[in-house]
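The structure appears right after this line, and notes come after that.
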Amino acid sequence: MATRDSEAACFSSPNKQAERTQALHECFSIPRPFRMNCPIYPDTLVDFLHEPEGLTFSSRQSVLNASSRHPGLFERQFPLTSAHPEVGDFTAGAKSLLPEDPDIASLFPDPCQDSPPPTADRLLQRRYGDPALDRRLPPNATIELILRHHSVRSFLPDQPVSDEDIRFIVAAAQSASTGLNFQNWSVVLVRDKNRKNRIATLAADQQFVRDAPIFLVWVADWARARAIADWNEAPSAGTEFFDSTISTVVDAALAAQNAMIAAESLGYGACYVGAIRNNLEPIAEELGLPPHTFPLVGLSIGRRNPSDRAGIKPRLPQGAVLHHEQYEAPAPEAIQAFETRIGAYYLSQGNPHSWVASVLRRVRGVEGMEGRESARDVLARRGLPSR
Ligand SMILES: Cc1cc2nc3c(=O)[nH]c(=O)nc-3n(C[C@H](O)[C@H](O)[C@H](O)COP(=O)(O)O)c2cc1C
């Protein structure tokens, strides 16, 4: 890791500062002067922007190549990378070095502080960082609400979600499309502090799950249909197929997303919690779920704490997800451009982080599964073998 002295020396070079500013302008098309005063990151950020392979670690070799072109970069930016070059933990050491930098943060302004609220074209620009999308679009309240989405992980204490709002939120969930109108999902509303606490501990110990006034657990549910079969003394082996599991998952996910949008429209913040699947069986037990059901995803909802800094998080360029007529393999350049932009977003949040590295970590093998590798066995034990 570089010493404070060498970092200060890098920072004090006026040429470096001009280079940084230029790189930021090019990358983000920022039409205004941009001042960087972060003592650690400026040089690294230039490397982000100028090094085409810098953060796209398709192999150990690409790490070594980039590292040799930028001596000191990896030690400075990612102190743990040398131990695990392909999937190093980017955050641990770097995080402790990152000072507050309001200028970086201003690249990704707080969407809740905007006054007046940004129009659809500005929101599109923020989502993609693509100036070509910055043109006037007709106002559309629904699309603007959806484009403004950002997960909220910090909630005001003692600000409940009213019963009336919960009715609206669940009505929105039930208004989602549902396969064959079977509605094979349920939702468990958790308000009890002790239960939320236990669930939070089981779900990767995420504090915001404790803090939010309500936690909704979306449940994939074949139990109701099985009960109908039982009452009619009819067989129900059709629930055992993989496609049956998929259909409940789709139904529950569509319902949950409608609920999130409804909650946001009512002025609440929300965040999904997939980490409940790290401990499927204990969570199912905690909620008293019957056989032929399983907890799919949680949703914390509450009033956003204004100190929450989350902005509109960049997404892949549309060309990477939208295919015309037939699927096309993704262009590495599109992924690289996204990696740069989202890298800057994470920096703006004080959480230096590589998106590519997290993808690599997740797809690498069983070690990226965080206990979820046994999900199919758990489902089988719960009467949904998914064969
Ligand atoms: C199925 C699912 C599970 C998620 N699980 C978690 C979680 O356990 N913890 C968390 O902090 N965020 C979780 N998220 C939120 C994502 O991290 C977030 O949606 C993503 O980073 C994009 O950011 P944005 O929602 O602010 O646009 C989850 C999202 C989804 C869709």
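The values are calculated or read from the model by the stated rules, or taken from the named source; none is laboratory data. The model shown is predicted, which means the values in this text are computed figures rather than measured ones. All Cβ positions, even for glycine, are placed from backbone atoms using ideal geometry, and neighbour counts span all protein chains on display.
Of everything listed in (1) away from the ligand (no atom under 16 Å from the Cβ); (2) over 18 Å from the mean Cα position of the chain (by Cα), the single unmet condition for I335 is (2). Within region 223-245, can one find any residue that is of a type outside the set (D, E, K, R) and closer than 24 Å to G311 by Cβ? Scanning region 223-245 turns up no residue that is of a type outside the set (D, E, K, R) and closer than 24 Å to G311 by Cβ. When region 350-383 is limited to residues that are assigned to a helix (DSSP H, G or I) and acidic (D, E), the one that is modelled with the highest pLDDT turns out to be D377. Does S386 satisfy the criteria of being more than 19 Å from V152 (Cβ to Cβ), among the hydroxyl-bearing types (S, T, Y) and in a helix (DSSP H, G or I)? The answer is no for S386. Scanning region 280-296 for residues that are in contact (Cβ under 8 Å) with a residue 40 or more places away in the chain and over 26 Å from the mean Cα position of the chain (by Cα) turns up L289, P290, P291, H292. From the set of residues in region 198-210 that are polar (S, T, N, Q) and either assigned to a helix (DSSP H, G or I) or away from the ligand (no atom under 11 Å from the Cβ) (or both), which is nearest to V152 (Cα to Cα)? Step by step, filter region 198-210, then rank; the result is Q207. The number of residues in region 313-324 that are of a type outside the set (A, V, I, L, M) and either within 12 Å of the ligand (Cβ to nearest atom) or assigned to a helix (DSSP H, G or I) (or both) comes to 5. Would region 290-305 turn up any residue that is surrounded by 23 or more Cβ atoms within 10 Å (Cβ to Cβ), of a type in the set (S, T, Y) and away from the ligand (no atom under 14 Å from the Cβ)? Yes, the conditions are met somewhere in region 290-305. Residue-level check: of (1) within 16 Å of the ligand (Cβ to nearest atom); (2) assigned to a loop (DSSP other than H, G, I, E, B); (3) farther than 24 Å from V161 by Cβ; (4) among the aliphatic types (A, V, I, L, M), A310 misses just (3). Taken over region 339-368, the residue count meeting the criterion of being of a type outside the set (S, T, N, Q) and free of Cβ contacts under 8 Å to residues at least 40 places away in the same chain is 10.
The residues on offer are R226, R195, R153, and the sole one that is of a type in the set (K, R), over 30 Å from E370 (Cα atoms) and not in a strand (DSSP E or B) is R226. When A262, A284 are screened for being of a type outside the set (V, I, T), surrounded by 19 or more Cβ atoms within 10 Å (Cβ to Cβ), within 20 Å of P118 (Cα to Cα) and away from the ligand (no atom under 13 Å from the Cβ), only A262 passes.
The condition of being over 22 Å from F215 (Cβ atoms), β-branched (V, I, T) and exposed (fewer than 14 other Cβ atoms within 10 Å of the Cβ) holds for only one of V363, V356, that being V363.
Applying the selection to region 265-281, what residues are under 24 Å from S177 (Cα atoms), within 9 Å of the ligand (Cβ to nearest atom) and assigned to a helix (DSSP H, G or I)? Selection gives G274 alone.
Give all pairs with beta carbons closer than 9 Å in which a residue from region 142-153 that is under 16 Å from R315 (Cβ atoms) meets a residue that is near the ligand (Cβ under 8 Å from one of its atoms) and not in a loop (DSSP other than H, G, I, E, B); count only pairs at least 6 apart in sequence or on separate chains. Pairs that qualify, where the first residue is under 16 Å from R315 (Cβ atoms) and the partner is near the ligand (Cβ under 8 Å from one of its atoms) and not in a loop (DSSP other than H, G, I, E, B), are S151/C271; S151/Y272. Within region 148-170, the residues that satisfy the criterion of being surrounded by fewer than 18 Cβ atoms within 10 Å (Cβ to Cβ) and of a type in the set (S, T, Y) are S151, S162. Can you name the number of the only condition in (1) surrounded by fewer than 16 Cβ atoms within 10 Å (Cβ to Cβ); (2) within 16 Å of the ligand (Cβ to nearest atom); (3) without any contact (Cβ under 8 Å) to a residue 60 or more places away in the chain that G238 fails? Of (1) surrounded by fewer than 16 Cβ atoms within 10 Å (Cβ to Cβ); (2) within 16 Å of the ligand (Cβ to nearest atom); (3) without any contact (Cβ under 8 Å) to a residue 60 or more places away in the chain, only one is false for G238: (2). Determine if region 338-349 includes at least one residue that is of a type outside the set (D, E) and assigned to a loop (DSSP other than H, G, I, E, B). Checked against the condition, which is being of a type outside the set (D, E) and assigned to a loop (DSSP other than H, G, I, E, B), region 338-349 yields at least one hit.
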